[in-house]
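The values are calculated or read from the model by the stated rules, or taken from the named source; none is laboratory data. For clarity, every value in this text was computed on a predicted model and none was experimentally measured. Positions of Cβ are generated from backbone atoms using ideal geometry, with glycine treated the same way; all protein chains shown enter the neighbour counts. These area figures cover heavy atoms from the full protein model, side chains too; ligands, DNA and RNA do not enter into them. Shrake-Rupley method; radii C 1.70, N 1.55, O 1.52, S 1.80 Å.
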Amino acid sequence: MQAACDSVLDDIEDMVSAQDPKPHDRQFARKNIVPRASKRRQQQTEDPQADSVIPGTQKIWMRTWGCSHNNSDGEYMAGQLAAYGYKMTENPSEADLWLLNSCTVKNPAEDHFRNSIKKAQEQDKKVVVAGCVPQAQPRMEYLKGLSIIGVQQIDRVVEVVDETIKGHSVRLLGQKKDNGKRLGGARLDLPKIRKNPLIEIISINTGCLNACTYCKTKHARGDLASYPAEELVERARQSFLEGVCEIWLTSEDTGAYGRDIGTDLPTLLWKLVEVIPEGAMLRLGMTNPPYILEHLEEMAKILNHPRVYAFLHVPVQSASDSVLMDMKREYCVADFRRVVEFLKEKVPGITIATDIICGFPGETDEDFWETMKLVEEYKFPSLFINQFYPRPGTPAAKMEQVPAQVKKQRTKELSQLFHSYNPYDHKVGERQHVLVTEESFDAQYNVAHNKFYEQVLVPKKPEFKGKMIEVDIYETGKHFMKGQPVGDANVFTPSIAKPLEKGEVSGLIHEFSAVHQNGINGNAASSSAVLLQQSWRPDGVTVKVISVGLALLAVIVAYAMEKLG
């Protein structure tokens, strides 16, 4: 039988013509070549910088855009880099490398990201990019030559930064899998630096089950992949041991949690509340209407729990069924109303936050007025208004667009309606328990939240931070209330441990405890074993710098104590 390639090529010798040089000619020609050092060798001789750079000693500045899921990823990346030895700085000009963690939801966010890359390059900074933009579109022209960390590869940030510092370009965009099944992402027990030491952000799943026509995030985060409940509970437990008093659960759609691993959101929440200390609080992240409908009874019970905020973020996007159909949102306005009405009845005082897109392709004046009427009816205290931006590569970008001026006008009208009512005026004179976790933007107040996750500004006193206090509401604004602490009321401390300092690495605190308990009171060998066991492993390579150092310190202390004793 004739080989399949015979018709294309009979013999390799047929490719050599009579005019081609023979082997003898090639050998003779080599004698006339003048030896010359290769460009690579010359470059290495003249500029040995790449070989002499020691990764792990540089300063890194990180900027994160977007959702709380992205912020959690940023905290993990910062923690790993700091644990390895890099110094995280808040001053971009003094940094050797910029780590830019992007968001792809809106055009403005990507524009800021792109401009930051340009600015870094103008200042001759090394650049590593992360987040949803490069994950969804790694071949964008402005990303050419840059190192990329995929959204499921954040546990390998040290490798990527190391190589980038050396002058190399590395791109890790793969998915985490176990026996072919996609995982929720990187391990939850990695080191991290919390932006706020009192708040732990936990991503319970990545991706979603929808295919919204306007969404670019789906291109980056993919289909639903949930973390096992046991791992999430353990992460929460560790957080409380580090002084956290508030947990945020986040994902692209928390309501879809567990559908890929045979469980559901209420099951997870009941397990989590068991490990929340008295006075600490849990906040549930965004959930789409379809996946919360079947759990309404159970969700109402959970939201009434004293350690769970009576708050739920349920995006409606539009009050027009035809627009929702074009968006492929997989619910109708009646479904959204059912969620809101049921929870308002079963969870008195609950805060329902929602999102609305103005000017989606095909949206008519009638469609928009239906949305206006919905907002007028419910008077949402928290409303995220977004002018539609067509994202490249999405089906909505190919639809017939609403004129820019119309989109702008509708956004303005809805914003005016939102600012026409004050949701908290009736609460003046109330006495409330609030948990103090942050500082206001103007640095004049501490920021607290009551049971309904409504913002309450309280006097800026250090002793209130991380505490549950009782206040009397004396003033309200559009987005806040002001509370005066009750004079004879007790200040309750929900944390079961002292919070970490700002910038301190989470996940390493138990090693210091081991030094204290085993290194001094016990023998140094057991202390070393504990420390080495807790060492952090990026990509299977054990980084024992911190652990070994602490272990040696424990040996020295134990030896000194033995001599003194």
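Restricting the search to region 485-494, which residues are in a loop (DSSP other than H, G, I, E, B) and either modelled with pLDDT of 95 or more or closer than 12 Å to Gln432 by Cα (or both)? So that I can check it myself, show each step before the final result.
Residues of region 485-494 that are in a loop (DSSP other than H, G, I, E, B), as a first pass: 486-491, 493-494.
Result: Val486, Ala489.
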> Looking at region 224-232, is at least one residue out of contact with any helix residue (DSSP H, G or I) (no Cβ under 9 Å at 6 or more places or on another chain) and open to solvent by less than 10 Å² (accessible area, probe 1.4 Å)?
Replying inline: yes
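Just one of Leu269, Leu282 is closer than 28 Å to Gly222 by Cβ and out of contact with any strand residue (DSSP E or B) (no Cβ under 6 Å at 6 or more places or on another chain); which is it? Quick ask: steps written out before the conclusion?
Working: Leu282 fails: out of contact with any strand residue (DSSP E or B) (no Cβ under 6 Å at 6 or more places or on another chain).
The conditions single out Leu269.
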>> Let me spell it out: the conditions are (1) outside any helix (DSSP H, G or I); (2) in contact with a Cys (Cβ under 8 Å, 6 or more places away or on another chain), and Tyr214 meets all of them except one. Which number is the exception?
In response: (2)
> Assuming Val275 fulfils every condition listed in (1) farther than 23 Å from Lys176 by Cβ; (2) in contact with a strand residue (DSSP E or B) (Cβ under 7 Å, 6 or more places away or on another chain); (3) surrounded by fewer than 23 Cβ atoms within 10 Å (Cβ to Cβ) apart from one, which condition is it?
Replying inline: (2)
> Name the residues in region 294-322 that are open to solvent by 30 Å² or more (accessible area, probe 1.4 Å), touching a residue at least 12 places away in the same chain (Cβ under 8 Å) and closer than 30 Å to Thr213 by Cβ, would you?
Replying inline: His313, Asp321, Ser322
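One line per residue, one yes/no per condition, for (1) within 23 Å of Arg283 (Cβ to Cβ); (2) touching a Cys at 6+ places or on another chain (Cβ under 9 Å); (3) hydroxyl-bearing (Ser, Thr, Tyr):
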position	(1), (2), (3)
Phe388	no, yes, no
Ala397	no, no, no
Gln405	no, no, no
Arg410	no, yes, no
Glu413	no, yes, no
Gln416	no, no, no
Ser420	no, no, yes
Gln432	yes, no, no
Thr437	yes, yes, yes
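Can you work out which of the residues in region 448-467 that are aromatic (Phe, Trp, Tyr) and at pLDDT 95 or above is most open to solvent (accessible area, probe 1.4 Å)? It would help to see each step written out before you state the result.
Going residue by residue through region 448-467, those that are aromatic (Phe, Trp, Tyr) are 452-453, 464.
Still in the running and at pLDDT 95 or above: 452-453.
Numbers: Phe452: 52, Tyr453: 35 Å².
The selected residue is Phe452.
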>> Looking at Gly258, Gly243, Gly262 in this structure, which one is open to solvent by 10 Å² or more (accessible area, probe 1.4 Å) and at positive phi?
In response: Gly262
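Conditions tested, residue by residue: (1) free of Cβ contacts under 8 Å to residues at least 40 places away in the same chain; (2) touching a Pro at 6+ places or on another chain (Cβ under 7 Å); (3) not hydroxyl-bearing (Ser, Thr, Tyr); (4) not in a loop (DSSP other than H, G, I, E, B).
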residue: Glu366; (1), (2), (3), (4): no, no, yes, yes
residue: Met372; (1), (2), (3), (4): no, no, yes, yes
residue: Arg391; (1), (2), (3), (4): no, no, yes, no
residue: Gln401; (1), (2), (3), (4): no, yes, yes, no
> Within region 419-452, which residues are out of contact with any Lys or Arg (no Cβ under 6 Å at 6 or more places or on another chain), over 14 Å from Lys482 (Cβ atoms) and of a type outside the set (A, V, I, L, M)?
Replying inline: His419, Ser420, Pro423, His426, His433, Thr437, Glu438, Glu439, Phe441, Lys451, Phe452
>> Take Leu99 and tell me if it is at pLDDT 50 or above, of a type outside the set (Ser, Thr, Tyr), surrounded by 10 or more Cβ atoms within 10 Å (Cβ to Cβ) and in a strand (DSSP E or B).
In response: yes
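Got a sec? Which helices (runs of 4 or more DSSP H) wholly within region 274-352 have at least 1 residues that are touching a Leu at 6+ places or on another chain (Cβ under 7 Å)? So that I can check it myself, show each step before the final result.
Details: elements: 289-292, 296-303, 321-327, 333-346.
Helices (runs of 4 or more DSSP H) meeting the threshold: 296-303, 333-346.
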> Would you pick out the residues in region 210-223 that are under 16 Å from the mean Cα position of the chain (by Cα) and within 16 Å of Asn288 (Cα to Cα)?
Replying inline: Thr217, Lys218
>> I'd like the full set of residues that are out of contact with any Ser or Thr (no Cβ under 9 Å at 6 or more places or on another chain), over 16 Å from Asn422 (Cα atoms) and either hydrophobic (A, V, I, L, M, F, W, C) or at pLDDT below 95 (or both), limited to region 468-484.
In response: Ile469, Val471
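Tell me which residues, restricted to region 205-218, are β-branched (Val, Ile, Thr) and surrounded by fewer than 21 Cβ atoms within 10 Å (Cβ to Cβ). Let's see the steps before the verdict.
If we filter region 205-218 for residues that are β-branched (Val, Ile, Thr), which is where we start, we get 206, 213, 217.
Once the filter is applied, which keeps residues that are β-branched (Val, Ile, Thr) and surrounded by fewer than 21 Cβ atoms within 10 Å (Cβ to Cβ), region 205-218 yields only Thr213.
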> So which of Cys215, Cys208 ends up being touching an Asp or Glu at 6+ places or on another chain (Cβ under 8 Å), closer than 21 Å to Lys328 by Cα and touching a residue at least 40 places away in the same chain (Cβ under 8 Å)?
Replying inline: Cys208
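Is it fair to say Met77 is open to solvent by 10 Å² or more (accessible area, probe 1.4 Å), of a type in the set (A, V, I, L, M, F, W, C) and either farther than 23 Å from Ile202 by Cβ or not in a loop (DSSP other than H, G, I, E, B) (or both)? Let's see the steps before the verdict.
Details: open to solvent by 10 Å² or more (accessible area, probe 1.4 Å): no; of a type in the set (A, V, I, L, M, F, W, C): yes; either farther than 23 Å from Ile202 by Cβ or not in a loop (DSSP other than H, G, I, E, B) (or both): yes.
No: the conditions fail for Met77.
Would you tally the residues in region 462-496 being charged (D, E, K, R) and under 12 Å from Ala448 (Cα atoms)?
Of all residues in region 462-496, those charged (D, E, K, R) come to 463, 465, 467, 470, 472, 475, 478, 482, 488.
Okay, now just the ones that are also under 12 Å from Ala448 (Cα atoms), so 465, 467, 470, 482.
Residues meeting the conditions: 4.
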>> Suppose the filter is in contact (Cβ under 8 Å) with a residue 60 or more places away in the chain and in contact with a helix residue (DSSP H, G or I) (Cβ under 7 Å, 6 or more places away or on another chain); does Ile356 pass it?
In response: no
> From the list Pro306, Pro290, Pro266, which one is farther than 21 Å from Leu374 by Cα and over 23 Å from the mean Cα position of the chain (by Cα)?
Replying inline: Pro306
> Looking at region 372-423, which of the residues that are of a type in the set (Ser, Thr, Tyr) and within 20 Å of Lys478 (Cβ to Cβ) is most open to solvent (accessible area, probe 1.4 Å)?
Replying inline: Ser420
>> With in contact with a Ser or Thr (Cβ under 6 Å, 6 or more places away or on another chain), at pLDDT 90 or above, among the basic types (Lys, Arg) and under 29 Å from Thr57 (Cβ atoms) as the only criterion, which of Lys166, Lys126, Lys144, Lys118 stands out?
In response: Lys126
